[in-house]
Amino acid sequence: MNTTGIVRKVDDLGRIVLPAEMRRLLELDKSDVEIFLDGSKVVIRKYSPNCIFCGGRESLTQLEGKFVCANCVQRLNGAE
């Protein structure tokens, strides 16, 4: 992990501002980040949907707000 030397304050509502250069490099807009914990680290990364069953990221179909890949759809339909 590379350090940038950039320090940001967390405001009263828990928000931080990502520097414009980082947003440009990652081609981020208002809805494309996911936030999670990795031990004692807070990780923010560009969001990319994945299959709720196998974690795959190719040939995704959205079903009731969840993503399922084509392979898992076939398996759910009984085709192997």
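Scanning segment 50-80 for residues that are within 19 Å of E34 (Cα to Cα) and part of a loop (DSSP other than H, G, I, E, B) yields N50, C51, I52, F53, C54, G55, G56, R57, E58, G65.
For segment 1-24, what are the residues that are surrounded by fewer than 10 Cβ atoms within 10 Å (Cβ to Cβ) and either part of a helix (DSSP H, G or I) or within 12 Å of the chain's Cα centre (by Cα) (or both)? Answer for segment 1-24, where residues must be surrounded by fewer than 10 Cβ atoms within 10 Å (Cβ to Cβ) and either part of a helix (DSSP H, G or I) or within 12 Å of the chain's Cα centre (by Cα) (or both): A20, R24. Of the residues making up segment 25-47, those that are surrounded by 10 or more Cβ atoms within 10 Å (Cβ to Cβ) and in a loop (DSSP other than H, G, I, E, B) number 3.
Residues in segment 60-75 that are open to solvent by 80 Å² or more (accessible area, probe 1.4 Å), more than 17 Å from the chain's Cα centre (by Cα) and at pLDDT 90 or above: how many? Break it down stepwise before answering.
Initial filter on segment 60-75 (open to solvent by 80 Å² or more (accessible area, probe 1.4 Å)): 62-64, 66, 71, 74-75.
Those left that are additionally more than 17 Å from the chain's Cα centre (by Cα): 63-64, 71, 74-75.
If we keep only those that are at pLDDT 90 or above too, we end up with 64, 71, 74-75.
Result for segment 60-75: 4.
Look at segment 9-30: where a residue is among the aromatic types (F, W, Y), no partner that is open to solvent by 90 Å² or more (accessible area, probe 1.4 Å) sits 6+ places away or on another chain with Cβ atoms under 9 Å.
The values are calculated or read from the model by the stated rules, or taken from the named source; none is laboratory data. Keep in mind it's a predicted model, so treat the numbers as computed, not measured. Here Cβ is always computed from backbone atoms with ideal geometry, including for glycine, and neighbour counts include all displayed protein chains. Heads up: the accessible areas ignore ligands, DNA and RNA and are worked out on the full protein's heavy atoms, side chains in. Shrake-Rupley method; radii C 1.70, N 1.55, O 1.52, S 1.80 Å.
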